[in-house]
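Comments concern the structure below.
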């Protein structure tokens, strides 16, 4: 199989418009590509360091996101703060299994699996683990694809606080857990963006 | 040594493999042989479609955002909410960052995407040139994944189920406009051939500005 990469020939692919250009001064960086006026990088700058820092921050915030209440529902005087998990349990109690499953997947499973996947990607690139490259790229694309769906709970909170506003009878207010959770979603999405998938394949170069 | 880059050379976004661009049959899709990343797709009349969808989307955007998406009835009183109101309430409750996030993903970014596409496809359709075209397309590319209307749609369904036991929930006119907007923007994104648009932008830069 032919395995010549753009880099092998000293070419940079513009990450915005996809066009190829020569790496004229051989520093892996070209300023202002004429077609899209974008900067061009042979590989994303400090990809691993940036992804590590975003991932670690997300992992730390994942704790308050799950422990702190995301909202408080007051219904006929009695109110209790809800975390993400307790909200799912309540849905199970009223028998809404599909919705409970959707929220469990979007708010708990996806962020967790995403962080684990990014961790595996980072470790495998950093320590040159011999894992299947195609599988890892597939994993990376899955991370990129599903990340946005974790925003689900944020929108639900926004809808509920705006709708349920009946003073002492029924009232929903948001909680600090929502901020932490929103940050986790954004940070993991950014981490997926800063990770350069080409690094997975680069090690082939050092082998030969 | 390589002195010029052949026009049909491309590199895979995810594994940097150097490839030669070949024509795909109608409806065909080219995948990277090494990492299976979708490289490009065959599309026809891309610009007209994009322009039509951008205009439709903008027209739907107005009622979808100004009209209430759903109403709640409890003890004889009715409250309703629009898309942006949720962010406003969050802002008032002091969750500024969350409010900003929700507002951007559900209102600002979808609107910016529609406006940028209207600008780009409008200029290309009329065969005019503007020095701002590359910037518009670049910003579109960067904000693309941060518009989350489809996630918002699912959250409406979840909210309905959550409120079921508490009060009666009625879908409002805004919701139907919103569903239309969602369909239009999803079609616009999936039918958009970014390579083709860049090709045309590059081509248009040679023409005199409008």
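The values are calculated or read from the model by the stated rules, or taken from the named source; none is laboratory data. From a predicted model like this one, the values you see are computed outputs, not experimental measurements. Please note: Cβ atoms are built from the backbone with ideal geometry, for glycine as well, and neighbour counts cover all protein chains shown.
Side notes on the structure shown:
- Considering the conditions (1) away from chain B (no Cβ under 14 Å); (2) without any contact (Cβ under 8 Å) to a residue 12 or more places away in the chain; (3) buried (at least 18 other Cβ atoms within 10 Å of the Cβ), residue A:62 is excluded by exactly one of them, (2).
- Segments classed as helices (runs of 4 or more DSSP H), wholly inside region B:73-177, with at least 1 members that are facing chain A (nearest Cβ under 7 Å) and either at negative phi or in contact (Cβ under 8 Å) with a residue 40 or more places away in the chain (or both): B:83-92, B:96-103, B:133-143, B:149-163
- From A:139, A:154, residue being modelled with pLDDT of 90 or more and within 16 Å of residue B:97 (Cα to Cα): A:154
- Total residues in region B:122-160, condition surrounded by 16 or more Cβ atoms within 10 Å (Cβ to Cβ) and in contact with a strand residue (DSSP E or B) (Cβ under 9 Å, 6 or more places away or on another chain): 6
- Of all the residues in region A:5-56, those that are more than 30 Å from residue A:111 (Cβ to Cβ) and part of a loop (DSSP other than H, G, I, E, B) number 22.
Per-residue answers, yes or no, for (1) under 27 Å from the mean Cα position of the chain (by Cα); (2) surrounded by 12 or more Cβ atoms within 10 Å (Cβ to Cβ); (3) over 27 Å from residue B:123 (Cβ atoms):
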site: B:3; (1), (2), (3): no, no, yes
site: B:12; (1), (2), (3): yes, yes, yes
site: B:17; (1), (2), (3): no, yes, yes
site: B:21; (1), (2), (3): yes, yes, no
site: B:28; (1), (2), (3): yes, no, yes
site: B:31; (1), (2), (3): yes, yes, yes
site: B:39; (1), (2), (3): yes, yes, no
site: B:44; (1), (2), (3): yes, no, no
site: B:51; (1), (2), (3): yes, yes, no
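- For region B:23-59, a tally of residues being more than 14 Å from chain A (Cβ to nearest Cβ) and either touching a helix residue (DSSP H, G or I) at 6+ places or on another chain (Cβ under 6 Å) or not in a helix (DSSP H, G or I) (or both) returns 21.
- Pairs where the first residue, in region B:27-52, is on the phi > 0 side of the Ramachandran plot and the second is in a loop (DSSP other than H, G, I, E, B) and modelled with pLDDT under 85, C-beta under 7 Å, 6+ apart: B:27/B:42
- Among residues of region B:178-210, those that are away from chain A (no Cβ under 12 Å), more than 30 Å from residue B:66 (Cα to Cα) and at pLDDT 85 or above, counted: 0
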